[in-house]
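Report on one structure; see the data block that follows.
The values are calculated or read from the model by the stated rules, or taken from the named source; none is laboratory data. The shown structure was predicted, so the numbers you read here are calculated from the model rather than taken from an experiment. Here Cβ is always computed from backbone atoms with ideal geometry, including for glycine, and neighbour counts include all displayed protein chains.
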Amino acid sequence: MEINGKKVRKLRKQRGWIQKELAEGICTASMISQIETGKARTSAYVIQRIAAKLGVSEDEFKK
């Protein structure tokens, strides 16, 4: 599934988190980096988990 990684990065930084903190319990920090830079697509499950952790709807990440 393709999402807008810039929005993920913006929300993560607004919370003062590093990639490792967002990734904890979901995926790897490397995967978060790839998602944020648009180099990787990910599953709907991972997107759901990231959105929940950031406290936003999955719709926030759609392009």
Subset of the range 24-44 (residues that are surrounded by fewer than 18 Cβ atoms within 10 Å (Cβ to Cβ) and either basic (Lys, Arg) or modelled with pLDDT under 95 (or both)): Gly38, Lys39, Ala40, Arg41, Ser43, Ala44
Write out, first by first residue and then by second, each pair whose Cβ atoms fall under 6 Å of each other, whose residues are 6+ apart or on separate chains, and whose first residue, in the range 11-34, is free of Cβ contacts under 8 Å to residues at least 12 places away in the same chain and small (Gly, Ala, Ser) while the second is surrounded by fewer than 16 Cβ atoms within 10 Å (Cβ to Cβ) and assigned to a helix (DSSP H, G or I). Ala23/Ala29; Ala29/Lys20
Out of all the residues in the range 24-63, which are on the phi > 0 side of the Ramachandran plot and out of contact with any helix residue (DSSP H, G or I) (no Cβ under 7 Å at 6 or more places or on another chain)? Gly25, Gly55
Which residues, counting only those in the range 3-23, are in a loop (DSSP other than H, G, I, E, B), exposed (fewer than 13 other Cβ atoms within 10 Å of the Cβ) and touching a helix residue (DSSP H, G or I) at 6+ places or on another chain (Cβ under 9 Å)? Arg15, Ile18
Taking the range 35-63, which residues are farther than 17 Å from Glu21 by Cα and of a type in the set (D, E, K, R)? Lys39, Arg41, Glu58, Asp59, Glu60, Lys62, Lys63
Taking the range 24-43, which residues are in a helix (DSSP H, G or I) and either more than 11 Å from the chain's Cα centre (by Cα) or polar (S, T, N, Q) (or both)? Ser30, Ser33, Gln34
